[in-house]
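Okay, structure first, notes after.
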Amino acid sequence: MDRECHYALVSQQLDNFTSASQRQLLDHRASFTDLFEHSLSHYPDHFRALLSRVREQYQQQSWRQRLDNIEQCIESCGARLLPITSADYPDLLKQIVGAPPLLYVRGNIENLHLPQIAVVGSRRMTRGGADNARLWSQYLASGGFTITSGLAHGIDGAAHRGALDGKGKTIAVMATGIDIIYPRAHLKLAEQIIDEGGTLITEFEPGSPPVARHFLARNRIISGLSLGVLVVEAALRSGSLITARYAVEQDREVFAIPGSIHNPQSRGSHYLIKQGAHLVEKAEEIVAELAGSLSGMAQPAGATSSARHTSVIEHALDDDEVQLLALLGYEPVAMDLLAAEGSFSVAELSRLLVALEMKGLVERQNGSYQRVG
């Protein structure tokens, strides 16, 4: 474990060293290492007393046994630490109020930087809700979005499975330690997510149980990672509405699928729509609404940005999508002319054009297609 991860992990074990205090200090200095090793004279007076207490606790090493146990658990379950000071920490999540100072991650860490849509809803889903969660997630994932959800029973599980069915990526945000899969019925699903290139993530240290307050805290991470939140089906008293509230506070888009007025599991979705959420009847409407955000993610964030950040969408293209994009110009081209070119069948063209449209790279006009941007 490198020094930065060591100090970040120790910081979570010290008394009265809250996440808010850590963020305040990190705003002044760039790393956890600086908090423990840099001269106190470089800090404003009002920080020095706090840092003195923090460093005194560090020297006492009362945290040592707990840290050793966490490190052993991380190693045994194949996880890694991701402090907020790391370049691998997701940028969108870093921007929210109360961003976790430390994350535990299993699986593909690159997924955290891909465009994500959170898909959430009731644990007591209807058959229609299950179908919508699975099919919409499959569609969105096959087009390049990463599907983010909470690994719970009901809509969450259907969303993760839909993403996997679409051969796409999915992120499960856990309300437990990285070593505890909850519910236990989703143990196989969690392993499938990892095996198929997905990601498990949590802010809670190994061994943390599934207590109620953890689920509320987890919801802010689900929305914080995502460009938008899709509520598939939810009752009025639902954790999904809390996720939607976080999304609004974090300046994310909120989408809701309407349902029957006689279905109690649709009342939460209807409430959100009345409050201004986007009413969506097909997944393409989400793509259209998020096109601007996707384009923004595809642009370089600055001269010093890493290559990974310069073109999120480009990295999500497969070889066929790249080939088709090269064939398209900036003038509309009819489907039959593209098919006549001979590189792809009509069925293949339909699939590829939908995928490129979802990524904001192709626009459809009266049955013809053209590049955009």
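The values are calculated or read from the model by the stated rules, or taken from the named source; none is laboratory data. Everything quoted here is computed from the prediction, not taken from an experiment. Quick reminder, even Gly has a Cβ in these numbers, built from the backbone with ideal geometry, and neighbours come from all protein chains shown.
In segment 81-102, of all residues being aliphatic (A, V, I, L, M) and under 20 Å from Ala247 (Cβ atoms), the one that is surrounded by the most Cβ atoms within 10 Å (Cβ to Cβ) corresponds to Leu93.
Just to be sure before I move on: is Leu189 at pLDDT 95 or above, surrounded by fewer than 22 Cβ atoms within 10 Å (Cβ to Cβ), among the hydrophobic types (A, V, I, L, M, F, W, C) and over 13 Å from the mean Cα position of the chain (by Cα) in the structure I sent?
In short, yes.
From the set of residues in segment 213-246 that are assigned to a helix (DSSP H, G or I) and small (Gly, Ala, Ser), which is surrounded by the most Cβ atoms within 10 Å (Cβ to Cβ)? Among them, the one singled out is Ser240.
If you go through segment 117-165, how many residues are among the β-branched types (Val, Ile, Thr) and free of Cβ contacts under 8 Å to residues at least 60 places away in the same chain? Matching residues across segment 117-165 total 2.
Considering each of Pro115, Pro100 in turn, give the residue that is outside the structural domain of Thr170 (by TED's automatic domain parsing) and not aliphatic (A, V, I, L, M).
Just one listed residue meets the conditions, Pro100.
Taking the criterion of being more than 35 Å from the chain's Cα centre (by Cα) and free of Cβ contacts under 8 Å to residues at least 12 places away in the same chain, the residues of segment 23-60 that qualify are Ser39, Ser41, Asp45, His46, Arg48, Ala49, Glu56, Gln59, Gln60.
Say whether the condition of being farther than 23 Å from Asn132 by Cα and at pLDDT below 95 is met by at least one residue in segment 270-281.
no
The residue that is nearest to Ala291 (Cα to Cα), counting only those in segment 319-373 that are in contact (Cβ under 8 Å) with a residue 60 or more places away in the chain and outside any helix (DSSP H, G or I), is Gly360. The single condition from (1) touching a Leu at 6+ places or on another chain (Cβ under 9 Å); (2) outside any helix (DSSP H, G or I); (3) farther than 25 Å from Glu110 by Cβ that Ser208 fails is (1). Among (1) farther than 21 Å from Pro206 by Cβ; (2) under 30 Å from the mean Cα position of the chain (by Cα), which single condition is Ser19 missing? Failed condition: (1). Each residue in segment 192-214 was checked for being under 26 Å from Asp165 (Cβ atoms) and within 16 Å of the chain's Cα centre (by Cα), and 8 pass.
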